[in-house]
Amino acid sequence: MVGQNDELACVYAALILADDNIGITSDKISAILKAANYDIEPYWPGLFANALESVNVKDLISNISSGASAPAPAAAAAAPAAAKEETKKEDKKKEEKAEESDDGDMGFGLFD
């Protein structure tokens, strides 16, 4: 449980730095946590700084939903046509199976 709190503290420190347009480094993360009087294992700030050194955190936060929704309109336009074809195929298969099963069904089972 303590490790999760350490991760969360580093995330908050990184968000504070990103919000103030300050580069995210392990020293700056450590300074924020020290100012908050939060004791942390010394490797956590370095891990977060290395993970976020090539990432623009503000862009990452502001574009969370745009990546998933960008291909959706194209897929949504193609989905109804494909769905109609699939339902037609399924209906035909169901009708064929129903016709085949009607021929052999005499109203009783093998072990009745």
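Some values worked out for this structure:
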quantity	calculated
Candidates Lys58, Lys88, Lys84, filtered to the one that is at pLDDT 85 or above and part of a helix (DSSP H, G or I)	Lys58
Whichever residue in segment 20-48 is out of contact with any helix residue (DSSP H, G or I) (no Cβ under 8 Å at 6 or more places or on another chain) and part of a helix (DSSP H, G or I) and, among such residues, is most open to solvent (accessible area, probe 1.4 Å)	Lys34
Condition check for Gly3: modelled with pLDDT under 90 and open to solvent by less than 40 Å² (accessible area, probe 1.4 Å)	yes
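The values are calculated or read from the model by the stated rules, or taken from the named source; none is laboratory data. Computed from a predicted model, the values in this text were never measured in an experiment. FYI the Cβ positions are ideal-geometry reconstructions off the backbone, even for glycines, and counts take in every protein chain you see. These area figures cover heavy atoms from the full protein model, side chains too; ligands, DNA and RNA do not enter into them. Shrake-Rupley method; radii C 1.70, N 1.55, O 1.52, S 1.80 Å.
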